Amino acid sequence: MDILNQRLNQIYPAFVIPETSYEVILINRYMSMEVMDKVLNHINDCYQYSVDTESEISNNELSIIQFHTIPRTLPSQVLIIELSHLPNRESHLYVKIKEIFRLIFRSHNEIYSWENMNLELESANYLFAWPITSELINLQPHFPGWYERARTQCRVQSLEQQAMENNDITVGRRNLSTSSCTCHRPSPYNENQLWSLQKAFLYSFNLFIDKTYTLSHWSYGLTSVGSSLTHAQRTKMINYAKSDVMAVTYLIRPITEQWSFARTKESSIEEMFITFQSTRPPPLHQPKSKKKIKNINVQKLSKIFSSIKDSDYELISSDEEIYLNQLIEPVVNVHPPEDQINNDDIVQDAIRDLDDDVELQIEVPTTDVIVNDHNDAEAMSVNEEINPPEHQQQRVKKKRSLEAKQKKNRNRNVQLRSTRFKNYFTRPYYYKFKSKTIKKVLHHYGVQFRHTKFSYDQVVIGVKTDKARREYEETLPYSCFNKKNYESFKRFSLYHDHETNPDLIDAKCLRQQMKQRVINELTPIGMIYEEEMAKTPLSDSATATFPTNQVLCKQL
C-alpha cells in the first residue's frame, strides 16, 4: 500500500485545497469554550455538509468523525471530532458537542458522503438523536453513471472540435459511434462495483489522494496534549482527514448537476465549496433480474402416476420431451361436484407455480414415466389410493444432515452477533472490573442485557430494544463501575459466597480444622470441644463428621 501510494504520488499531483478556503478545528476535551461558540455560530447558518469517518486500526472501532461545512461565504470549517477524547458527560463542553450534532443533523439539512453513513455513524448514536432525520446522500453509487456520461460528453466535444477544425462535420458524426474518449480511461470496475474515492479522483481529475494514513491509531489523539503520536504523525493524519472529507465536497456538484470534465476543471474552489441550489442525483440504474428457471421433476411425477393402476395409460419413453401445454388442459368453466375429485388435480398441483413465460427444464430419469388419461368413473377409487384418510397418512420427516445443521447454526449465530449492539449504552469502568463481575453488577441492578464488551475506558452494554436502552440509561447509575463500587461489590460478593456456600473451605480454616482434629484425638480437651460443638447448630449443608468452615472459624 505504501509503495503504491509513493508511485502514484510521483506520477499525479496531489489534491490540495488553498488554506485560505477552510479552517481545521479539533473537537475534543481540550478545546476552549471560545472556539466552541465560534463553531456553533458558524454551523447554525449552514444547511449543507460533507461527512466522513475513520476507525482505529487496532479494533476497527469508530474514532473520528469529520464534517466539512458548506457555508454561504468562505472560509468553511473542517470539524474533526475525536470520539476517544470527549469530555466528561456531565460537563458543559460535552453538552455543547451534542449541540453541534443536533444542528448538523437537523431535518432540513443535506449531508453528503462517500459511503452509507447510516451504518458508519450508528455506533456513535449516543451523541445525537437516532435515526438521523436529515437527508443523507451517498454519492458513491452515483459516481459510475456520472463518470460514463462525462466520458461520453468528453468524446462528443472532442469529435465536434476535430470536425470543426477539419471543416468536415459528416466525418465527425460518422466517427462518433466508433471513437472513444482518449483523455479519460474506461472504468476499472465491473458494472455493479463501487469506486474507491482515491481511484475516482485519479481517473476523473488526475489528482492524487494519499491513503497512507487510512489505517492509523486514530484513538491516540491528534492534539499535543495527551497524545503518544509525534508531531509529524499528527500533522499527516490531520491533513489526510481534512482532504478525505473535502474531496467528497468537491464531487457534490459535478455528480448531482451532471457536469462534464471540462466544466469541473474550469470551476473555482469558491464555486464548489459554497452553498448551492441542491438537485437530486439521477436515479440509479437497476439491473434486470433474471427469471428463475423452475424445473418439473419427472421422477416425482412418475411416483404419482405409478401408483395409479389403469389399463388406458400410455407409456412415454425417457428420451421424449414433455411440454407444459401437454400437461395443462384447456380451462373449462364447468366445475365437477365436490365429492368427485379428478386425477388431473395432481398434475395441476405439481405445476401450479409455473408461469407461461418461464423457461422449463425437465429432469428426465432413467426409468420410464407413465402418463395417460383417466376414467372419470374410477376417479374416486384412485383418489383414495393416492390420498388415504388423514389417520392413515404417515408423514416422513425430512432430516437435515450434520453439515446442513452446522451451516444453519453458523448463519444464525452470525445474524445474532450482528444485532448484539444494535441498541446499546455505555458506562465508564474501573480497570479491575472483569467481564464476569460486570455482568453480576448488571444482574444486581436488573439490567437485561444481550452482550457486553470493553471499549477503551467504557463498557458497552447491548440491550434488545431502544425502549430498554432509554430505560437503563436513566436507571443504571453512571458511576456504578467506579473504584469505590468495585471494592464494595467485591466485599459483598465474598460475604454472599460464604453465606450461600457454608462448606467453602479456604486454606487457613482447613489448616485450623486439621489441627483441631488432632487435638480432639489426643487430649481430653477435645472431648470438651466436641461437646461445645454439639451445642452449636450446624447448617443443613454441613457434613455430619466435621463442622463447617464458617462455624469452625468462629469457634477457633
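Take the residues in the stretch 70-88 that are more than 27 Å from the chain's Cα centre (by Cα) and within 20 Å of GLY226 (Cβ to Cβ); name whichever of them is surrounded by the most Cβ atoms within 10 Å (Cβ to Cβ). Here the answer is PRO87. Based on what the data block shows, is SER219 surrounded by fewer than 20 Cβ atoms within 10 Å (Cβ to Cβ), closer than 18 Å to THR53 by Cβ and modelled with pLDDT of 90 or more? The answer is no for SER219.
Number of residues in the stretch 31-58 that are within 15 Å of SER113 (Cα to Cα) and among the small types (Gly, Ala, Ser) equals 1. Of all the criteria given as (1) among the aromatic types (Phe, Trp, Tyr); (2) in contact with a Lys or Arg (Cβ under 9 Å, 6 or more places away or on another chain); (3) within 22 Å of LEU127 (Cβ to Cβ), the one not satisfied by TYR22 is (3).
Every residue, every condition in (1) within 28 Å of the chain's Cα centre (by Cα); (2) crowded, with 19+ Cβ neighbours inside 10 Å, yes or no:
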site: HIS68; (1), (2): yes, yes
site: HIS92; (1), (2): no, no
site: ASN109; (1), (2): yes, no
site: MET117; (1), (2): yes, yes
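Of all residues in the stretch 116-155, exactly one satisfies the criterion of being closer than 19 Å to TYR250 by Cβ, in contact with a Phe, Trp or Tyr (Cβ under 9 Å, 6 or more places away or on another chain) and of a type in the set (D, E, K, R), namely ARG151. Within the option set ARG102, ARG106, being farther than 23 Å from PRO254 by Cα, assigned to a loop (DSSP other than H, G, I, E, B) and not aromatic (Phe, Trp, Tyr) holds for one residue only, ARG106. Exactly one residue out of LYS399, LYS436 is part of a helix (DSSP H, G or I) and at pLDDT below 90: that is LYS436.
Yes or no: SER418 under 30 Å from GLY462 (Cα atoms), out of contact with any Cys (no Cβ under 6 Å at 6 or more places or on another chain) and either at pLDDT below 85 or surrounded by fewer than 10 Cβ atoms within 10 Å (Cβ to Cβ) (or both)? When the stated conditions are applied, SER418 passes them.
The values are calculated or read from the model by the stated rules, or taken from the named source; none is laboratory data. On a predicted model such as this, the values are computed, not experimentally measured, just so you know. Glycine gets a Cβ as well: all are built from the backbone with ideal geometry, and neighbour counts include every protein chain shown.
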